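Shown next, in structure tokens, is the structure this report addresses.
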Amino acid sequence: MLLPAEIESKTLIPALRAILAKKLAEEHNIREDEISKMLGVTQAAISNYIRGTRGDPKLIEKLAADEQVAIMIKDLSERLASDMAYTPSSLARFISLCNYIKSSLLICEIHHNLESNIDEAVCKECENMLLKGPGSVY
């Protein structure tokens, strides 16, 4: 069984980076090498994100369709485009975006798409922890 942190690192963060990379390139005319510095990945990774060969296309579509996620991504991309750097403020916004996806239980849908045979009791326990928020304990 995958932990929420594994889902976040293996699928969610790459999908969010893909959305941001494409938005920064297409809407803000920022070069791939500049985007790579902003997002802390290689220029080759940015090229793959923009071409759609990195990041789960179905997940990218699902995230982009969520109204709150779209608002948060738009805000983050505008901040990155104006600062041209990954600042503490933009880092905080990226973390908030990931936290929103977890606390709204969108991450559960992602998990169910990755693993179809999740034990319902484990699923409920995980859901309770996600609803409590970051730093919660048993």
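Annotations for the structure displayed:
- Within the stretch 86-112, residues that are in contact (Cβ under 8 Å) with a residue 40 or more places away in the chain reach partners that are open to solvent by 60 Å² or more (accessible area, probe 1.4 Å) and not in a helix (DSSP H, G or I) with beta carbons closer than 7 Å, at six or more positions or on different chains, in the pairs Tyr86/Gly40.
- Subset of the stretch 104-138 [farther than 19 Å from Met1 by Cα, among the polar types (S, T, N, Q) and surrounded by fewer than 15 Cβ atoms within 10 Å (Cβ to Cβ)]: Ser136
- Qualifying residue in the stretch 23-32 (condition: over 30 Å from Glu120 (Cα atoms), without any contact (Cβ under 8 Å) to a residue 24 or more places away in the chain, of a type in the set (Gly, Ala, Ser) and not in a loop (DSSP other than H, G, I, E, B)): no
- Of all the residues in the stretch 6-54, those that are open to solvent by less than 60 Å² (accessible area, probe 1.4 Å) and within 18 Å of Pro88 (Cα to Cα) number 9.
- Restricting attention to the stretch 51-75, the residues being over 15 Å from the mean Cα position of the chain (by Cα), part of a helix (DSSP H, G or I) and not basic (Lys, Arg) number 0.
The values are calculated or read from the model by the stated rules, or taken from the named source; none is laboratory data. These figures come from a predicted structure and were not determined experimentally. Because the Cβ atoms are built from the backbone with ideal geometry, glycine has one as well, and the counts that use them run over all protein chains shown. All accessible areas refer to the heavy atoms of the entire protein, side chains included, with ligands and DNA or RNA removed. Shrake-Rupley method; radii C 1.70, N 1.55, O 1.52, S 1.80 Å.
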